[in-house]
Structures are given as C-alpha cells and as structure tokens.
1. Within the group 8, 58, which residue is modelled with pLDDT under 90 and either loosely packed, with under 12 Cβ neighbours inside 10 Å or at negative phi (or both)?
2. For region 32-51, enumerate the residues that are part of a helix (DSSP H, G or I) and surrounded by 14 or more Cβ atoms within 10 Å (Cβ to Cβ).
3. When the residues of region 15-51 are narrowed to those that are touching a residue at least 12 places away in the same chain (Cβ under 8 Å) and under 12 Å from the mean Cα position of the chain (by Cα), which ends up farthest from residue 63 (Cα to Cα)?
4. Return yes or no: is residue 67 under 19 Å from the mean Cα position of the chain (by Cα) and modelled with pLDDT of 90 or more?
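The values are calculated or read from the model by the stated rules, or taken from the named source; none is laboratory data. Quick caveat, the model's predicted, so the values are computed rather than measured. Here the Cβ positions follow ideal geometry from the backbone for every residue, glycine too, while neighbour counts run over all protein chains shown.
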C-alpha cells in the first residue's frame, strides 16, 4: 500500500481550512447575537440555539466537502 503524499497534504490543508472556517462561523454567530451563546446553550439549555449553531456548522461542512469533491 503506497502513501500518496499529494493526497495527504491536500487532506491536511482542507482539514485545517475547514476548522478555520468553522471557528470563523462560530465567532461570527457569537458576535452578531445580542446575548452570550455559551450561557444560552450551557446554562439556559436553549436547544433551539444549539440547533441553529449546529446547522451553521453543517452548512460550512457541506460547502467544504463540495469544494473538495469538485
């Protein structure tokens, strides 16, 4: 079994890009809302907000997967 270095490098780059975009998306959500996202989800058990944040993550993941797959 041969290791393809180009595929490994591109996988690492896309994984890093994906994590960076996820972090930016989460930061953008926390900046745009007029309340603390962490407090709402952790302490107040706001399931609707957790679903919205999860949906943002899934949307970014689908976009990254589509760009990798071509």
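1. Values: 58 fails: modelled with pLDDT under 90.
Exactly one residue qualifies, and that residue is 8.
2. To start, the set of residues in region 32-51 that are part of a helix (DSSP H, G or I) comprises 32, 37-43, 47-51.
Listed by number, the residues that qualify are 37, 40, 41, 49, 50.
3. 29
4. On the way: under 19 Å from the mean Cα position of the chain (by Cα): yes; modelled with pLDDT of 90 or more: no.
The answer is no for residue 67.
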